[in-house]
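Some notes on the structure that comes next.
All of the numbers you see were taken from the coordinates with simple rules; none came from a lab. Quick caveat, the model's predicted, so the values are computed rather than measured. Positions of Cβ are backbone-derived with ideal geometry, glycine not excepted, and every protein chain shown enters the neighbour counts.
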Amino acid sequence: MEVDLYPRSAPERAVEIDASIGDGSQFHATNDYYGHGVGPETIRAPAGWEARLIRVEVVAITRKPGEVATAWCMEVHDLVMAKLAAGREHDIQYARDAIAAGLVDTRQLMLLVDLMPDTDREKTRRWVDALASSAADGAAS
């Protein structure tokens, strides 16, 4: 229902995302989802996450046929670590689902723990340990 959008070339414009396609906007009413503008202060992810962004090009919905829009998406391991740092139940469930679906490798998550901001390192380490243990238990069954 919500997509976090970080305007990396102009982070100060995040507020414009909320104003134009944010929660409660006409866009939200029309499409049943909305964009939430976030800035660099919002993102709690492993150091170097920006260098690991994945470029995704899609045909833009514009008046010019064939125009392409470029999105830069977080690499899935970085995204899961950011969700573990947030620690909300739906974020933890996302991490569980990503592991269960084979989208992320818990060994790779463990390598990223030491790259997390100091304030999130121990919490994410505990979550990765618990999720890895749970995944191993599930694989053994």
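Points to keep in mind about this one:
- From least to most packed, judged by other beta carbons within 10 angstrom and beginning with the fewest, L112, L103 follow the order L103, L112.
- W49 sits among other residues whose Cβ lies under 15 Å from its own Cβ, and their net charge, with Lys and Arg +1 and Asp and Glu -1, is -1.
- Summed side-chain charge close to V76 - residues other than V76 whose Cβ falls under 12 Å, Lys, Arg +1, Asp, Glu -1: -2
- Using alpha-carbon coordinates, inclination of helix 76-86 to the longest axis of the chain, degrees: 80
- Overall, the chain carries a charge dipole of about 240 debye about its Cα centre when +1 sits on the Cβ of Lys and Arg and -1 on the Cβ of Asp and Glu, all other atoms neutral.
- For H36, distant residues with modelled amide H under 5 Å away: V3, D4, L5
- Only Cα pairs under 8 Å and 6+ residues apart enter the sum, and on that basis the relative contact order of the chain stands at 18 percent.
- Antiparallel %, DSSP beta bridges [both residues in the chain], to 5: 60
- Here, the chain yields an orientationally averaged convex hull projection of 10.2 nm² when only Cα atoms define the hull.
- Likely footprinting exposure, L5, L131, fewest C-beta neighbours within 10 Å first: L5, L131
- The packing ranking of peptides 60-66, 36-42, 50-56, highest mean first, is 36-42, 50-56, 60-66, where packing means the average number of other beta carbon atoms within 10 angstrom of each residue.
- Across the range 108-123, coupling constants 3J(HN,Hα) worked out from phi with the 6.51/-1.76/1.60 Karplus curve, θ = phi - 60°, read 5, 4, 4, 5, 7, 3, 5, 8, 6, x, 3, 5, 10, 4, 5, 4 Hz, and Gly and Pro carry x.
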